[in-house]
Amino acid sequence: MTSSPSPLAALSSALADAVTAISPHVVEVQSHRSLASGFIWRDGLIVTPDETLAEEGGIAIELADGTVLDATLVGRDPATDVALLRATGGQMTPVVFGSDAVRPGGLTQIVAAAESAPLAAFGTIVAVGPAWQSMRGGTIDTRIELDLPLRRRAEGGLAVDGNGRAFGMAVRGPRGRTLVIPAATIDRVAGQIAEHGRVPVSYLGAGLRDVPLDDGGSGAMAMTIDRDGPAAAGGLRQGDIILSWQDERVAHVGALLRRLRATPVGTTVTLGVRRGGVPVELAITLGDRPAG
Amino acid sequence: MTTLAARGDLVVSIRVAEPELAARLGDLIGQTRGLRVADPGEQADLILSRPDGAEGHFEQPLTPRERDVIALLAEGLSNREIGGRLGISPDTAKFHVGRVIDKLDATGRTDAVAHAARLGIIRL
């Protein structure tokens, strides 16, 4: 009696083959006291998590063929946890994103790098949800959570679906959860960084806090006004209470911020304001937040 | 409900940042028949916290430095920018940011802005 090959052996081989196929796109990212992973996004451009990249000092990358290259920081966006590096000289094959299999319950692999060797992890897609805003107000296009533990060095690795196609970058979220920054977010943010060196941030130029209203409800009161900012130019004054944004009621600073972050720099918005009990409408053209 | 009744006293955990208020609540619960305060590490039947969630939400309250950090975090500043504003190194800022995010995230998806706006001014 001849034994047929185990289905587990076949699955195991398929998983290992998927890692081998993706690993040429993955690099190790070496920065001051930090080792993490990243991947080749475009020729000469590497994406890695902002969180794992040191705040200062030199950066190098190690390719899957063992080539070590100096890298320079193009820009970083802590709001979406995306940093973009530039390195030249090596053989770099950009990853091609594209997956239609990102569903809860689906299997996934993370392919990261430790020096030039692949570092793999395997698990389940726990949850797939709508777009969400990070603590710093960055928009992440899809919420993808995995059930696998991700070691720090594997942060920045590619998340791959059951067909071996990459769908995002694996990072560690709060409390050690493993999240995926989806391809759409990476392409958008890395594209802005490649073009401008940073991600423009819509700016109002006012210091706000939540206040309860005399007649019930709440609003966002302008406690301070940046003298050279867009709000001052549009006529917002200290003590004004913002109640609406483009005719939509905003009851607190959080609601205002969500709309602000979703509106591009240069857009003129109408704010409904209560000034000394009297309703006032103001047109304010959003600026780009000054550095620092 | 039957299991609660069978166990006797309802066990209450107090999650309030202010020590005086927590002590007062503890005294009142101690005087009330059928209620008692949870021992350290004991599973509580009920949690007592502030309705607005500003502080009661946190298993551990924010330190003064973390209160500074949360507003800057809500404004979307980088660790380097937060460090610059507070006169600390970017790495130290990063450490505080991590602590704040873990505390905020204790209830799942949370909003730094909502918490920060109750504590002070956010510059947008």
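For the reader, a short list of remarks on this structure follows.
- Taking the charge dipole of chain A about its Cα centre, with +1 at Lys and Arg Cβ atoms and -1 at Asp and Glu Cβ atoms, the residue from A:Gly162, A:Gly207, A:Thr88 reaching farthest to the positive side is A:Gly207.
- The stretch between B:Asp102 and B:Ala23 holds 25.8 nm of extra length on full extension. This uses 0.36 nm per residue minus the Cα-Cα distance.
- Theoretical gain in end-to-end length, A:Glu56 to A:Ser3 [0.36 nm per residue, Cα-Cα removed]: 13.3 nm
- On Cα atoms only, tilt of A:183-196 relative to the major axis of chain A in degrees: 70
- Dipole magnitude for the stretch B:64-119: about 80 debye, using +1 per Lys or Arg Cβ and -1 per Asp or Glu Cβ, origin at the Cα centre.
- Rounded to whole Hz, the Karplus (6.51, -1.76, 1.60) HN-Hα couplings of the stretch A:40-52, x for glycine and proline: 7, 8, 9, 4, x, 10, 10, 9, 8, x, 4, 4, 8
- Dipole magnitude (debye, nearest 20) for chain A, charges at Cβ of Lys, Arg, Asp, Glu: 520
- Label point at A:Arg249 placed 7 Å out along Cα→Cβ; residues across the stretch A:221-243 whose backbone nitrogen lies under 15 Å: A:242-243
- Max mean-square fluctuation residue, GNM over chain A, Cα-Cα springs under 10 Å, options A:Thr67, A:Thr267, A:Thr52: A:Thr267
- The alpha carbon gyration tensor of the stretch A:202-288 gives principal lengths a ≥ b ≥ c with a/c of 1.5 or higher and a/b greater than b/c, which makes the shape prolate.
- Lys/Arg +1, Asp/Glu -1 at C-beta; chain A dipole; positive extreme among A:Leu150, A:Ala283, A:Gly197: A:Ala283
- Efficiency of FRET between B:Ala44 and A:His32 - r from beta-carbon atoms, R0 45 angstrom, step 0.05: 0.55
- Our summary gives the stretch A:183-292 a relative contact order of 26 percent, counting only alpha carbon pairs under 8 angstrom and 6 or more residues apart.
- Once both labels are positioned 7 Å from their Cα atoms along Cα-to-Cβ, the gap between B:Leu10 and A:Asn163 label points is 5.4 nm.
- Most to least packed among A:70-78, A:274-282, A:231-239 [average Cβ atoms within 10 Å]: A:70-78, A:231-239, A:274-282
- All-pairs alpha carbon distance profile, chain A, 10 Å steps from 0, percent: 6, 25, 25, 19, 14, 7, 2, 1, 0, 0
- In order along the stretch A:137-149, the Karplus-derived 3J(HN,Hα) couplings, from 6.51 cos²θ - 1.76 cosθ + 1.60 at θ = phi - 60°, round to x, x, 8, 9, 5, 9, 8, 10, 10, 10, 9, 9, x Hz, and Gly and Pro are given as x.
- Sequence ranges B:32-38, B:70-76, A:18-24, ranked by mean other-Cβ count within 10 angstrom, highest first: B:70-76, A:18-24, B:32-38
- Once the Cβ-Cβ distance of A:Thr268 and A:Asp215 is raised to the sixth power relative to R0 = 30 Å, the FRET efficiency obtained is 0.55.
- Exercise: per-residue mean of other protein chain Cβ atoms within 10 Å, B:85-93: 1
- Two-decimal log10 I(q)/I(0) for the stretch B:64-119, as the Debye equation yields it once each C-alpha is a single scatterer, q = 0.14, 0.16, 0.20 Å⁻¹: -0.31, -0.41, -0.63
- Put a plus charge on the Cβ of each Lys and Arg, a minus charge on the Cβ of each Asp and Glu, and nothing anywhere else: the dipole of the stretch A:42-145 about its Cα centre is then about 340 debye.
- Based on alpha carbons, the Rg and Dmax found for the stretch A:85-161 are 14.4, 40 Å.
All of the numbers you see were taken from the coordinates with simple rules; none came from a lab. Nothing here was measured: the structure is a model prediction, and the numbers come from that model. Positions of Cβ are backbone-derived with ideal geometry, glycine not excepted, and every protein chain shown enters the neighbour counts.
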